[in-house]
Every structure is written in C-alpha cells, then in structure tokens.
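Worksheet for the structure shown next.
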Amino acid sequence: MKLKLGLLYGGKSAEHEVSLLTARAVSQAIDFDKYEVYPVFISKEGEWRKGQKLLGPVETVETLQFGDDTGKANDITSFLPAENSAQELDASTGNEGLDVIFPLLHGPNGEDGTVQGLLEVLNLPYVGNGVLASAAGMDKVVMKQLFAQAGLKQVPFVHFIRKEWKNNQALLLEKIESSLKWPLFVKPANLGSSVGITKANNREELIKAIDLAFKYDRKILVEQGIVAREIEMSVLGNDTPRCSVAGEVLPTKDFYDYSAKYIDGTTNYAIPAKVSDRLQKSLEDAAIRAFKVLDCSGLVRADFFVTDTEEVLINEVNTMPGFTPISMYPKLWMASGLSYSDLIEELISLAIERYEEKQQLEHSKDGE
C-alpha cells in the first residue's frame, strides 16, 4: 500500500517564492509508484489549503497555488492518518489524511520550528529537522553562539535588536567600527536565501544596510567580511550523519545574493571542489560537529569560509536547504553518487526512522 505523502510549502515568509520552487522540484523527484502525493499550500496570508492528489510531477509553480475553490485545511485533524483521526473521508481531496509530511518551507513560520512543533503535536512523521534544531538553525545569532561554545571557528560579528538601534545608534556604530573591519555584511537574524543581506563598505552604506535588514527581522547581525573560498557541505542522516563531497560557490557578482541563488542562475559552482584530502576531512568534521551541536536530523547544508592557509570557519547551517534545480544540496549528493530520487527516498526513510524511535518512549511515570 502506498504511503500518503504531503508536500507542505509556501508560507508566511519572505521566502515564500523560494518554497514554491523547491516544492515543484521535489515533486519532480518523487517516485509516484511508491507514494500518493498531496500538495498542502500555505498562502502568504497563512491560510492552509490541501489540494487534489498529484498524478505526476508539477511543471509550474502556478499549479501549486490554490484559489478559493479548493478545500481549506485549517482543521488540522485532516492531516492525521485514518487510524488516528475520527474524521471521515475528506470528500474535497479524496484522501484519508497523510502518513508523512515533507515540509518544504523556508524562513520564519516554517523552517524555524513552528511547523515542526505542530507536526510533533499531531504525532506525524515529517522530513527534516525537529523543533530545537530548526529554531536554533533559523536564528543566526543563537546558532553562532552555540557554535562558539562547541569551539567551531567563525568570523567576528556584532548583533543587536531594533530597539537598541533606535535608542543607541551612535554607540552601536562605534562598537561595530571598532571591533570589525570593512567590508561588513549585514543580515537579518531569522531569514535565509540571502534575503535582506547587504554588503557595506562604509558607514553610510552600513546604516542603509541595517535599516533594510530591520524590515525583515527585529534582530540583526553584522559580520566582518573575509577574503576566503566559500565551501558548502551537504549532511544527511540522523544519529550517524554522513557528508557529501565539498562544493565551492563561485559567484560572478559581488556576493552570493538572492538573485544569484534563485533567479538569474549566474553563479558558478565547482562540484566537487578542489580540496586536499586533509581539507575535505576538516570540512566533514566541522559539518558533523555543527549538525550534532544543534541536534539536527535528516538534512543540513553547512556553509564555510576557507582561507588561503586552509583555516576552516563556519558561516552557518541551513536546516531546510533548497531543492531547486540549481541548488547546492542535491547537486553535492549527486556528485557523491546519490541520485535526486534516491535522496528524496532516504530523507523520507529517515523521517520514519526518527518517528518510530520516538514512539518507543514512555509517557507515564516509571513506564506505568
């Protein structure tokens, strides 16, 4: 019997469009002989809609966006498998709930642990990282603080919230300029896909960059720029994660921004990257340490800076990396001998494995 797989995508986030691209790409990699696939679309306003069963790969993102004529999925019991739900057959979609969810949400309200918490409450298997890893991995400041405690090397940074900037702008500018060297990169703390990130070469550009970042988040960080190679590693697994070959980002622009990642496709990649055996091992060790310190599961893409002396500095991890045709995560696994379809299959298996392990836990005192 086929498992009923729900693709969950869209969301109330500046990365809504990225999520649509990811959902389309994943639909093109799923084995429809093994799964009944149901799209679950979250609009920009936060409305959940469950669509008709997909009969094959989705060709356009427009197909993934449902209008008012589609049944709403605001009753969360509609996601439960039939044996766990009192709900009758859903006539609007023709299915009896979902057996496993594949969250394809990027950014806040999706990749940050909120949806993962909902799926935990529903006791549903889902692909990818849990609540803690998702939340910590989404917040760049918390993530960097945990990495620092784990002894992972990073570039210097300063962080602050909107109210601090409003009340103490002069002091913060002085702190930034005295502790960091130009150029600087300004980032919203809780956003990905390079949304809201700006490079600043002087104070005037820095102020504009900070104001822009605060449009996306109440907390931001300012990082010191560095002359280094940008190397990325894909990590896959639960308790015994493994790494792909290394990949190098070779942006043709000033830096690897949103447009380069998802729109114009101008960025070049070296896959596999030209790295020594020693450097490959250092990158693998650091990627797995980062994976474990955040208590990750399923998948992670770990991003690094590598200096000309082969010093490895971790930049960040992405707990829900993109699966678009030009995304690094699946490309690295394909270069490592794992096909796109097999990658999807393994991620679903890892989700079920983690779920089954959790079902063994006792939920009463002394196992009574």
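Just so it is clear, none of the values below were taken in a lab; they were calculated from the coordinates. Bear in mind that the values here come from a model prediction, so they are computed numbers and not experimental data. For neighbour counting, all protein chains shown are included, and Cβ atoms are generated from backbone atoms with ideal geometry for every residue, glycine included.
Observations on the model:
- The alpha carbon centroids of segment 136-200 and segment 8-66 are separated by 33 Å.
- In plain terms, the chain from Glu311 to Glu164 could stretch by 49.5 nm, reckoned as 0.36 nm per residue minus the Cα-Cα distance.
- For Thr198, distant residues with modelled amide H under 5 Å away: Val186
- Long-range HN-HN contacts of Glu316 with modeled amide H, under 5 Å: Asp303
- Judged by the mean number of other Cβ atoms found within 10 Å, the most tightly packed of the peptides 141-153, 351-363 leads the ranking 141-153, 351-363.
- Nearest-ten-degree value, helix 140-149 long axis tilted from longest Cα axis of the chain: 70
- Taking a straight line from the alpha carbon of Lys50, these lysines sit under 21 Å away, with near neighbours fewer than eight places off in the same chain left out: Lys2, Lys4, Lys12, Lys34, Lys72.
- Cα gyration tensor shape of segment 163-207, rounded if a/c is under 1.5, else prolate or oblate by comparing a/b with b/c: oblate
- About its Cα centre, the dipole of the chain is roughly 1220 debye, where the only charges are +1 on Lys and Arg Cβ and -1 on Asp and Glu Cβ.
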